[in-house]
Amino acid sequence: MIVGIASDHGGYTLKEQISKFLNRKDHTVKDFGAYSITSCDYPDYANLVCDAVEHNEVKYGILICGTGIGMSMVANRNPAIRAGLCKDNETALLTRQHNNANVLCLGARVTNPSLVNNIVETFINAEFEGGRHEKRIKKF
């Protein structure tokens with residue numbers, strides 16, 4: 001599976017951790033930046049990943065900033081994106097099952113680093129349940 005990933009400077013270290021984890025799991029990671037801890041603007045990177053998801057260049061996107069809030073706000077401005085800010089496995093599972101999220105947002109400063117790999121794996125492996133949830137998604 002091809003996964004697009006991006007962060008701002010606050011999420012850079014976590015982005016690198018997640019990229020290595022996904023590579024070990026035999027996924028292809030398309031890194032859209034940032035490429036260092038030098039201060040930068042998260043909307044620039046969020047939009048690159050969201051465009052790639054929208055145009056089917058990647059199956060899912062992962063966006064990381066300090067809290068995940070800024071990235072999720074930018075991502076959800078794109079009508080093709082359903083981004084979920086997740087802090088644990090349950091929210092990652094439910095945002096895929098119930099909301100058919102295609103972008104995972106994470107907060108590097110507020111998420112337990114020991115949970116991150118499991119959150120990512122849960123998100124990319126979960127399936128949308130459809131049914132009553134499909135009706136709700138169509139109202140977006």
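Which whole-number percentage describes the relative contact order of region 64-123, with Cα contacts under 8 Å and a sequence gap of 6 or more? Don't jump to the answer; show the numbers that get you there.
Numbers: 93 pairs, mean separation 25.1, N = 60.
RCO, region 64-123: 42 percent.
Taken over the C-alpha atoms, region 32-107 has Rg and Dmax values of 11.8, 36 angstrom.
Beyond 15 Å, what share of the Cα-Cα pairs of region 69-121 is found? Please give it as a whole percent. Distances greater than 15 Å cover 42 percent of the Cα pairs. Classify region 5-51: rounded, prolate or oblate, from the alpha-carbon gyration tensor (a ≥ b ≥ c, eigenvalue square roots; a/c under 1.5 rounded; otherwise prolate if a/b is larger than b/c)? Judged from the Cα gyration tensor, region 5-51 comes out oblate (a/c at least 1.5, b/c at or above a/b).
Sites listed here are trypsin sites (Lys or Arg not before Pro) in region 59-113 whose DSSP assignment is loop and whose Cβ has at most 13 other Cβ atoms within 10 Å: R77, R109. For G33, nonlocal amide neighbours, meaning residues 5 or more places apart or on other chains whose placed amide H falls under 5 Å from its own, are S7.
From the gyration tensor of the Cα coordinates in the chain, what semi-axes in whole Å does the equivalent ellipsoid have, largest first, with each one equal to sqrt(5λ)?
On the way: eigenvalues 95, 52, 39 Å².
In descending order, the three semi-axes are 22, 16, 14 Å.
Relative contact order of the chain: 24 percent, from C-alpha pairs under 8 Å at least 6 residues apart in sequence. Can you give the helix-only mean residue ellipticity at 222 nm for the chain, where every DSSP H stretch with n ≥ 4 adds -39500 (n - 2.57) and the sum goes over all residues, rounded to the nearest 500 deg cm²/dmol? After summing the helix terms and dividing by residue count, I get -13000 deg cm²/dmol. For the chain, the fraction of 1.4 Å probe accessible surface lying on carbon and sulfur atoms is 49 percent.
The phi torsions of region 72-80, fed into the Karplus equation with coefficients 6.51, -1.76 and 1.60 and a -60° offset, translate into couplings of 5, 5, 5, 4, 6, 6, 7, x, 8 Hz, rounded to whole numbers, with Gly and Pro shown as x. Close amide H partners of I62, meaning residues 5 or more places away or on another chain with modelled amide H under 5 Å apart, are G4, I5, A6, L104. In this structure the amide hydrogen of G68, modeled in the peptide plane, comes within under 5 Å of the amide hydrogens of A108, none closer than 5 places in sequence on its chain.
The values are calculated or read from the model by the stated rules, or taken from the named source; none is laboratory data. These numbers come from a predicted model, not from an experiment. Ideal geometry is used to build each Cβ from the backbone, glycine not excepted, and the neighbour counts take in all protein chains shown. For the accessible areas, the whole protein counts, side chains as well, though only heavy atoms, and no ligand, DNA or RNA atoms are used. Shrake-Rupley method; radii C 1.70, N 1.55, O 1.52, S 1.80 Å.
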